[in-house]
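The structure follows.
The values are calculated or read from the model by the stated rules, or taken from the named source; none is laboratory data. Predicted, not measured: the structure shown is a model, and the values here were computed from it. As a convention, Cβ positions derive from the backbone with ideal geometry for all residues, glycine included, and neighbour counts pool all protein chains shown. Heads up: the accessible areas ignore ligands, DNA and RNA and are worked out on the full protein's heavy atoms, side chains in. Shrake-Rupley method; radii C 1.70, N 1.55, O 1.52, S 1.80 Å.
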Amino acid sequence: MNKTKKFFSVGPFTGPFRGWFVICLSLGALFMFPLISALLTSLKPSRMASQFPPDYIPKEVTLNNYERIFVPAKGGFLEYGAWHYTVNSLILAFGTVVGVSILATLAGYGFARFKFFGKSALFAFILLMFMIPFQALLVPLFRILANFGLTNSLLGVIFVYITYNLPLSVFIMRNSFAEIPSAFEEAAMIDGASVFRIFRTIMMPLALPGLISTALFAFFASWNEFFAATIFISTNGNYPLPVMLTLLQSSQRGEIDWGLMQAGVIYTILPCVLIFLVLQKYYIQGLIAGGLKG
Amino acid sequence: MSAIKSLTARSSYAGKKRFSLSGGFLFVLPAMIFVSMFFLWPLYSLIMMSFQDYPLLGDPTWIGLDNYKEAFTDDEFKGSFKITIIYTLIVTPLLFITGLGCALLIKGTSRISIFFRTIFFIPVVIGFGSAAFLWFWFINPDTGYLPQIMRDLGLGDMKESWTATMPLALIMVVLMVVWKFTAFQMIGFMTGLQAIPEEINESASLDGATGMKKLRFISLPLLRRTIGLLMVLSISGSLLAFDQFYIITAGRPEGQTQTIAFYLFRQAFLAFRLGYGAALSVILAVLLMIISLIQIKLSRMDTHE
């Protein structure tokens, strides 16, 4: 006790800094508490996770809940193991990230460096998408996807995700390209390089941080999206992970298997947390460059 | 063809606008195909559908403004409109306070500030759906940790379900959204605060301004644009709220927490009244556009000053 007190009263741990540190630490604990408590519950044996009153710290630690989402019991909530739903989520994420990266890079370059007929009208459409998000267009989107036989199809959902990630990503890419001094291209042009050569060898490497942000946002958006996936995907076998959680929420004989459900939640959010921790620099920069800077 | 080529060459060497007139369009074209197919066409289709009785099977019939007339006399829709507005009016100022508060704490660039920023931000990156499923458990009276903490603090036995009564059900959703979204607003405010030149703060200090005064008379006015943008993001996000209500309260008690998006979803995709769903969507879209236009107008006024 004395030692800690001493530690906190010497060096930088004095005065206003100590107060600030304590406040930040408590807030950090508040933000982390729901996540940590879900993690703890997912590690309890099924019976203990559903007992009243709950123990904060598991008396027994097991990975049984995770085993049961991967190898579900016959006749249980899950028709397939978590791996099946993970593959669906990965297909959605991969399709969206690749599609958005290509389309937004091209369009961002076009908007940043060229003057062409109808440019401002096309850019206005992109701005309009900021105002009217897909949630307001689900009804006709459902009908249009049905026209192409793309309801209950991952491809149909990928098309919707790509389109509605474009406004932010085109913005980010346009700003990334606009920040590159045009002297670079002019020099290359005089040396006789073609438009696509300049694009590939000069512009792309310089716009890479913006592209990483774009890809990150597309990944998070598709991995996390719930509303459109619930509506457009109708069979169990095509569910992505967030919709799989609906199955874990449904109760059997009025009892919800809470440990199983929280194992599903932790499994679904873990990739997001890890990717954010590794690439947060790009995430925050993209957030600032894309939207918050205006 | 060669005319275009010579035009290209000339303009590039003149060093003004580079490349050809058509080149830029080709770069933008692929994105525009997607925008036309999955935004402009649905937008047109939405408006058309809203004037029709549009069943899932069988032919639609043109019914003029009937869907809109129904919406304005539909008590369930009015109820969903009311709860959505109430939710928006609670969440927006609340996030403003928590977001700004956290931003003032971690606006520094020291490693320890960045560490705390990262910790605060983690709830933002997890999905809204997943966060709602987590919360559904977290506030459950039998096994959830939050009611258990309340019991341990001697605040009652917490036997009643927290989603069974109003306004408690709404408060639980608001709590989750504040937990999940505070750090997003924090980053927005932080960016704005860091952009304020240090000299302004210093000269204010020399004139004897203290923390609160500096915030009120210097930071907040300079943050006007940031505030406007964050407000719009929060308002439009709240007006579109679906996941958190669908999962945490499922509309309980008695449909009192059924938001516009939730009711729209039920009408269009459970009752399969696509035309009526389209009319409700148009109302929602108009609402969202008005708010964005107000923000654009306000930020334009700012730059003219």
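Gaussian network model of chain B, Cα springs within a sub-10 Å range: biggest mean-square fluctuation belongs to which of B:45, B:238, B:203?
Highest fluctuation among the options: B:203.
Sticking with this structure for a sec: Residue by residue, what Karplus-based ³J(HN,Hα) values in Hz, rounded to whole numbers, does the stretch B:174-179 have, using 6.51, -1.76 and 1.60 with θ = phi - 60° and x for Gly and Pro?
Values per residue, Gly and Pro as x: 4, 4, 5, 5, 5, 4 Hz.
Could you name the aspartates and glutamates whose alpha carbon sits less than 19 Å from that of residue B:297, not counting residues in the same chain fewer than 8 places away?
B:305
What 222 nm value per residue comes from the helices of chain B, counting each DSSP H run with n ≥ 4 as -39,500 (n - 2.57) and dividing by all residues, nearest 500 deg cm²/dmol?
That calculation yields -22000 deg cm²/dmol at 222 nm.
Here is a further query. Could you compute how much accessible area chains A and B hide from each other, both sides summed, with a 1.4 Å probe? Nearest 100 Å² is fine.
Working: alone 17460 and 18960 Å², together 27430 Å².
The buried area between A and B, both sides summed, comes to about 9000 Å².
Once phi is turned into θ = phi - 60°, what whole-Hz ³J(HN,Hα) does the Karplus curve with 6.51, -1.76 and 1.60 give for every residue of the stretch B:72-79, x standing for Gly and Pro?
7, 10, 7, 5, 5, 5, 4, x
Modelled label-to-label distance, residue B:301 and residue B:97, 7 Å Cα→beta-carbon offset: nm?
2.6 nm
While we're here: Take peptide B:186-192, look around each residue's Cβ out to 10 angstrom, count Cβ atoms belonging to other protein chains, and average those counts.
Per-residue shielding by partner chains comes out at 3.
With +1 on the Cβ of every Lys and Arg and -1 on the Cβ of every Asp and Glu, and nothing else charged, how large is the dipole of chain B about its Cα centre, in debye rounded to the nearest 20?
1360 debye
Which peptide among B:222-229, A:38-45, A:257-264 comes first, and what is the full order, when sorted by highest mean count of other Cβ atoms within 10 Å? Before the final figure, lay out each step's value.
Numbers: B:222-229: 18.4, A:38-45: 22.5, A:257-264: 26.5.
Ranked by mean Cβ neighbours within 10 Å, highest first: A:257-264, A:38-45, B:222-229.
Find the relative contact order for the stretch A:210-274 and round it to a whole percent, using C-alpha pairs within less than 8 Å whose residues are 6+ positions apart.
On the way: 28 pairs, mean separation 15.1, N = 65.
It rounds to 23 percent for the stretch A:210-274.
Tell me, how many Å apart are the Cα centres for the stretch A:70-103 and for the stretch B:129-161?
Computed from Cα coordinates, the inter-centre distance equals 30 Å.
Here is a follow-up. On average over all directions, what projected area in square nanometres does chain B have, based on the convex hull of its Cα atoms?
Here the figure is 25.7 nm², rounded to one decimal.
Then there is this: Taking the Cα centroid of the stretch A:156-201 and of the stretch B:104-122, what is the distance between the two, rounded to the nearest whole Å?
Centre-to-centre (Cα) distance: 32 Å.
Based solely on C-alpha atoms, express the radius of gyration and the Dmax of the protein assembly as shown in angstrom.
Rg, Dmax (Cα atoms, Å): 26.0, 85.
Pick from A:155, A:208, A:25 the residue whose mean-square fluctuation is largest in a GNM of chain A, springs joining Cα atoms under 10 Å.
A:25
For residue B:152 and residue B:48, what is the calculated FRET efficiency with R₀ set at 56 Å and r taken between the beta-carbons, to the nearest 0.05?
0.45
Which listed residue (B:44, B:255, B:84) has the Cα farthest towards the positive end of the charge dipole for chain B, taking +1 on Lys and Arg C-beta and -1 on Asp and Glu C-beta about the Cα centre?
B:44
Now a separate question. Treating only the Cβ of Lys, Arg, Asp and Glu as charged (+1, +1, -1, -1), what charge dipole size does the stretch B:133-241 show about its Cα centre? Round to the nearest 20 debye.
Numbers: 8 positive and 8 negative charges, 56 e Å.
Once rounded to the nearest 20, the dipole reads 260 debye.
Right, next: Please check: in the Gaussian network model of chain A (C-alpha springs, under 10 Å), which one of A:180, A:91, A:158 has the largest mean-square fluctuation.
Fluctuation is largest for A:180.
How far apart, in nm, are two points set 7 Å out from the Cα along the Cα-to-Cβ line at residue A:87 and at residue A:115?
If labels sit at residue A:87 and residue A:115, their model points lie 5.3 nm apart.
By how many degrees, 0 to 90 and rounded to 10, does the Cα axis of helix A:82-113 deviate from the longest principal axis of chain A?
Result, in degrees: 30.
Then there's this: Could you calculate the FRET efficiency of residue A:25 with residue A:190 from 1/(1 + (r/R0)^6), where r is the beta carbon distance between them and R0 is 56 Å, rounded to 0.05? Can you show the working numbers first?
On the way: r = 58 Å, r/R0 = 1.03.
E between residue A:25 and residue A:190, to the nearest 0.05, is 0.45.
In Å², and per residue, what accessible area does the protein assembly as shown have when probed at 1.4 Å with the other protein chains present?
Roughly 46 Å² per residue, with all protein chains present.
So how strong a dipole does the stretch A:82-292 carry about its Cα centre when Lys and Arg Cβ are +1 and Asp and Glu Cβ are -1, to the nearest 20 debye?
It works out to roughly 340 debye.
Calculate log10 I(q)/I(0) of chain A for q = 0.06, 0.16 Å⁻¹, where I(q) comes from the Debye formula with a single equal point scatterer on each Cα and nothing for solvent.
So the normalised log intensities work out to -0.30, -1.24.
A follow-up question, please. Give me the inter-chain shielding for A:23-29: mean count of other chain Cβ atoms within 10 Å, whole number please.
Other-chain Cβ atoms within 10 Å of each residue's Cβ, averaged: 5.
With a 1.4 Å probe and every protein chain kept in, tell me what percent of the accessible surface of chain B is carbon plus sulfur.
About 67 percent, which is the carbon plus sulfur part of the accessible surface.
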